[in-house]
Amino acid sequence: MNVSPAAALASARLYLCTDARRGQGDFARFVDEAFAGGVDIIQLRDKTIEASEELELLDVLREAAERHGRLWAVNDRADIASLSGAPVFHVGQKDLPLKAARSFLGGAAIGQSTHAPEQVDAAVAAASGPAGLDYFCVGPLWATPTKPGRAAVGLDLVRHAAAAAPAGLPWFAIGGIDHGNVDKVVAAGARRIVVVRAITEAPDPAAAAASLLAALDAAR
């Protein structure tokens, strides 16, 4: 990829989070098919694996991303992101502060989760600050088993983000989004989405990704 991660992120629309797929044993094939279907970014998010296994899987993810000219991301662990050379790093509200993450990662694109209007506003402000936040996520819109105990925020927060974010700052809606409700998410103002089960549980990851992108286009 000949552009910076932040520049590549600006055109991204479909972001996928996946675990290590231990049960399926098909991580390499899965991420390759997801990228082939049009996924722009894949984040490995699995709290059950050790650092050494995560680094091995990130090598696989990096190779697939490079073949397809796409992005890949690390969640939470700035040390893992730095060691692996991840182009994208994502943090939650209670994870490593943005300024510290930037000191670790230099030119990587950094994103943050938001769950309330004030957090969205803070993310917008951080995008123009010294930490240089590159994107943020809004959610979870609906209750999801991938975020147990996290209350759904609903579509009003999407509407707030659509009004608050400047045109040049990418942001993604996340949380329970699938083919049955993506039109509602777009109608609320989102143009980019993060999904998990809509692709990880699909029998054909490439077809599921392509279908979601088509649904995003149709809803606009």
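Read-outs: derived from the displayed coordinates by stated rules, not from any lab. As the structure is a computational prediction, the values presented were derived from the model and not from experiment. Methodologically, a virtual Cβ is constructed for each residue, glycine included, from the backbone with ideal geometry; neighbour enumeration extends over all protein chains shown.
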**Asked** Cross-link partners among aspartates and glutamates for Lys184, C-alpha distance below 19 Å, same-chain residues fewer than 8 apart left out?
**Response** Asp156, Asp217
**Karplus 3J(HN,Hα) series, Hz, for the stretch 78-91 with 6.51 cos²θ - 1.76 cosθ + 1.60 (x for Gly, Pro)** = 5, 5, 5, 4, 5, 5, 7, x, 4, x, 9, 10, 10, 10
**Estimated inter-spin distance, Ala210 and Glu66, nm [label 7 Å along Cα→Cβ]** = 2.7
**Request:** Please identify, among Phe104, Phe30, Phe136, the residue showing maximal mean-square fluctuation in a Gaussian network model of the chain using a 10 angstrom Cα cutoff.
**Result:** Phe104
**Prompt:** So if R0 is 22 Å, what FRET efficiency would Asp76 and His179 give, r being the distance between their Cβ atoms, rounded to the nearest 0.05?
**Reply:** 0.15
**Prompt:** In terms of modelled amide H atoms, which long-range or inter-chain residues lie less than 5 Å from the amide H of Gln112?
**Reply:** Val91, Tyr135, Phe136, Cys137
**Request:** Mind checking the full-extension length gain between Ala152 and Glu56? Use 0.36 nm per residue of separation minus the Cα-Cα distance, one decimal, nm.
**Result:** 31.2 nm
**Fill in**
Whole-Hz Karplus couplings 3J(HN,Hα) for the stretch 124-130, θ = phi - 60° and coefficients 6.51, -1.76, 1.60, Gly and Pro as x, run 4, 5, 5, 5, 9, x, x
**Prompt:** Just Phe35, Phe89, Phe27 to compare: in a GNM of the chain, with alpha carbon springs under 10 Å, which one fluctuates most?
**Reply:** Phe27
**Complete:** Listed by chain and number, the aspartates and glutamates with an alpha carbon less than 12 angstrom from that of Lys94, same-chain partners under 8 positions apart left out, are Asp76
**Message:** Taking 0.36 nm per residue of sequence separation and subtracting the Cα-Cα distance, how much length would be gained by fully extending the chain between Ala167 and Ala219, in nm to one decimal?
**Reply:** 16.8 nm
**Fill in**
Quick P(r) readout (the stretch 5-219; Cα-Cα; 5 Å bins; whole %) gives 1, 7, 17, 20, 22, 18, 11, 4, 0
